[in-house]
Amino acid sequence: MKIRSIALIAPLLLVACNNGGTNAQSRESLLKNPLYLELYSEQLVDAMVNLEVYGDPLIEDEGKKKIADTTKKYWLEEAKKSRKAQRQSSKGNFITMKEYVTGEVIFTKDGSAVHFGPSFITTPGPVLHAFITTAVDPRDVEFPDVSAVDLGEITVPYGAQSFYPEQKIADALQYRTVVIWDTALERLYGFAQISPLY
């Protein structure tokens with residue numbers, strides 16, 4: 001009886017820990033990332049448009065056609081919002097240094113968040129962290145340099161994610177580079193030089 005109880009409780013504890021953790025990526029938190037929001041909304045709109053383009057029998061039902069039309073209209077607006085948010089940010093693409101890193105990154109104009117896009121991939125490391133720095137190239141300074149702000153650990157090396165500094169970063173325009181750095185190995189994985197789009 002005890003073994004069965006433990007077997008039933010263990011998965012519940014695992015779910016509770018995963019959902020309550022600081023790095024849990026709910027749909028709502030992912031949709032706050034403009035890079036993720038753009039991809040999500042555009043693909044959803046495409047799916048709704050394709051119902052009509054390919055004459056899906058589903059849209060013959062007026063109720064379902066109305067749902068598809070409402071969904072399309074709402075997510076078109078969300079796609080516009082995501083592109084506007086990106087234009088009001090500094091943006092760049094990761095380049096590989098010692099380990100493989102790729103993907104888009106944006107830093108919000110107000111210094112409140114750094115967002116990695118859905119195409120982000122890095123080779124996993126023992127203790128990978130995201131940093132933002134005023135140094136244009138982290139290889140030119142003893143990294144982490146005095147301006148470097150540790151945004152937190154990268155616990156998921158694949159896909160969209162967001163980092164929120166404890167305090168908004170003042171003088172956001174001075175910060176030019178997002179760095180992937182292994183704090184245990186003191187190893188540079190890669191970096192992205194970011195430029196304002198506004």
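Packing-based ranking of 137-147, 75-85, 33-43 yields 33-43, 75-85, 137-147, ordered from highest to lowest mean Cβ neighbour count within 10 Å.
Over the chain, DSSP H runs of length four or greater, each weighted -39,500 (n - 2.57), average out per residue to a 222 nm ellipticity of -11500 deg cm²/dmol. Working ranking of peptides 168-177, 101-110, 184-193 by packing, defined as the average number of other Cβ atoms within 10 Å per residue, highest first, is 101-110, 184-193, 168-177. For the chain, complete DSSP H runs whose alpha carbons reach 15 Å or more along their own long axis and whose mean Kyte-Doolittle score is 1.0 or higher are 2-20. Multiplying each eigenvalue of the alpha-carbon gyration tensor of region 90-196 by 5 and taking the square root yields semi-axes of 18, 15, 13 Å, largest first, rounded to whole angstroms.
Computed over the Cα atoms of the chain, the ratio of the radius of gyration to the Kirkwood radius (Rg/Rh) comes to 1.09. The Kirkwood hydrodynamic radius of region 26-87, based on inverse pair distances between different Cα atoms, is 12.2 Å.
Centre-to-centre separation between the Cα atoms of region 35-74 and those of region 140-197: 37 Å.
No lab work stands behind these numbers, since they all come straight from the coordinates. This structure is a prediction, so every number in the text was calculated from the model and none was measured. Cβ sites come from the backbone with ideal geometry, for glycine too, and all protein chains shown count toward neighbours.
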